[in-house]
Amino acid sequence: MNTAAAVPTTADQPTPNAEPVARVLEVRFTGSGSEYFRIWAINLLLILLSCGLYLPFAKIRRIRYLYANTLIDGEALAFHGDAGKMFRGFVLLAVLMLAYTLAGEFAPAAALPAFVLLCVVWPALWRASMQFRLGNTSWRGLRFGFEGSLTGAYLAHLPVYIPMAVLTALVPDGQGPSSDPGVNSQFWFAVTLALLCLMAPWSTVLLKRYQHRGYRVAGERSEIVLRTRSVYFIGFKTVMAGVAMFLLAIVAAAIVTGCLLVLAHFGGVEAKSARSYFGLACVGLLYLFGAGGLLPYYAARIQNLVWGNTRSASLRFHSELTGLTRLNLRNWLLIVLTLGLYRPFAAMATTRLRLQAVRIASSTDPATWTASRAGRHADASGDVAGDFFGMDVGL
């Protein structure tokens with residue numbers, strides 16, 4: 001008898017140190033524009049009737065609908081936020097913004113201290129918002145959490161605060177390249193804006209590192225390896241795309257104005273009106289290409305970069321978001337044509353595209369993972385939500 005076939009070869013034998021096969025956890029979004037339109041319309045009506053006080057309650061309705069229609073491996077997310085805590089956070093933020101506005105309007109000397117106070121508390125409020133949102137989010141009965149430190153929140157905002165702090169400290173009021181104080185104010189405002197633009201990619205890196213190193217669910221805590229030069233490269237490509245769009249807008253506006261001048265020659269419109277239309281056309285096209293094209297272009301590439309470099313002990317993330325710019329331009333067109341009524345449908349389409357572009361691979365079975373790890377962290381989520389600063393402030 002030939003027994004060679006019955007003897008397992010080395011290749012057939014399992015390798016003790018072989019990595020487990022990753023299981024893909026599909027992300028699906030099942031929300032519909034027609035359902036969300038009803039929620040949006042009722043929320044808008046109640047916000048108007050309550051002079052804005054219904055805003056936190058409207059936000060809860062919106063979040064719960066979005067979570068209930070976000071499925072990961074066939075299981076929906078759930079939101080357990082308390083409306084009272086959200087209303088308290090809303091009132092706190094409204095009071096801070098109102099104080100800053102009134103200080104600038106009636107007491108210009110107090111505007112700077114009010115702005116400094118707002119800057120001091122903002123990172124803490126931003127961190128509190130993430131603690132509240134994630135601490136009240138669950139999947140398969142597991143509460144999420146956020147473990148970013150308060151110090152880390154302030155460090156993540158440094159690129160935003162440094163230009164303003166340096167200019168406030170080093171540039172006396174009214175001094176500058178011109179004898180006109182108004183011109184000097186505009187000059188230093190432009191310098192500050194330029195510095196903020198240069199630091200925007202660095203700010204994105206610090207904020208995303210802080211966020212994606214603090215997410216927690218059960219025994220998993222996320223980590224991210226995000227290089228600053230990668231974000232600057234995306235920013236550079238976005239700027240180059242912006243230059244191209246600017247030139248395209250100028251050409252398009254010139255063509256439109258040329259057509260109007262031809263009509264003016266034949267008595268259709270006045271030449272002065274045609275020239276004024278050139279400026280309006282430039283502004284309109286630049287706004288369309290900027291907000292409708294550049295921002296989605298940048299956002300899509302940042303999402304792919306950030307989630308593609310995020311992982312935990314058992315989870316790997318990947319994002320392949322494409323078509324966001326095209327969808328955004330279409331949404332804008334339909335919103336304008338419907339006088340804003342298409343906005344809920346646009347929100348659902350954008351949410352679906354962005355969520356379903358993400359893939360999650362788990363090296364462990366979620367059912368086993370949940371059963372073996374849920375108990376050790378079940379109490380931590382409640383502590384976060386009960387903290388005074390563990391509230392959603394709408395950031």
Inset, instruction - Determine if region 10-19 includes at least one residue that is of a type outside the set (D, E) and modelled with pLDDT of 90 or more. - result: no
Legend entry - Residues that are outside any helix (DSSP H, G or I) and surrounded by 13 or more Cβ atoms within 10 Å (Cβ to Cβ), drawn from region 76-117: A76, L77, A78, F79, H80, G81, D82
Legend entry - Residue within region 255-266 that is outside any helix (DSSP H, G or I) and at pLDDT below 95 present: yes
Inset, instruction - Provide a single number: the residues in region 118-168 that are farther than 22 Å from M86 by Cα and either in a helix (DSSP H, G or I) or among the aliphatic types (A, V, I, L, M) (or both). - result: 16
Inset, instruction - Please work out which residue is surrounded by the fewest Cβ atoms within 10 Å (Cβ to Cβ), limiting yourself to region 187-206 and to residues that are farther than 13 Å from V231 by Cβ and of a type in the set (F, W, Y). - result: F189
Legend entry - Selection status of F37, modelled with pLDDT of 95 or more and in contact with a helix residue (DSSP H, G or I) (Cβ under 6 Å, 6 or more places away or on another chain): yes
Legend entry - R62 being farther than 28 Å from S319 by Cβ and either among the acidic types (D, E) or assigned to a helix (DSSP H, G or I) (or both): no
Inset, instruction - Residues being at pLDDT 90 or above, assigned to a strand (DSSP E or B) and either surrounded by 17 or more Cβ atoms within 10 Å (Cβ to Cβ) or polar (S, T, N, Q) (or both): count how many of those fall in region 217-242. - result: 1
Inset, instruction - Having 1 or more residues that are touching a Gly at 6+ places or on another chain (Cβ under 6 Å) and modelled with pLDDT of 95 or more is the bar; report the helices (runs of 4 or more DSSP H) wholly within region 312-395 that clear it. - result: 343-355
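The values are calculated or read from the model by the stated rules, or taken from the named source; none is laboratory data. Nothing here was measured: the structure is a model prediction, and the numbers come from that model. Cβ sites come from the backbone with ideal geometry, for glycine too, and all protein chains shown count toward neighbours.
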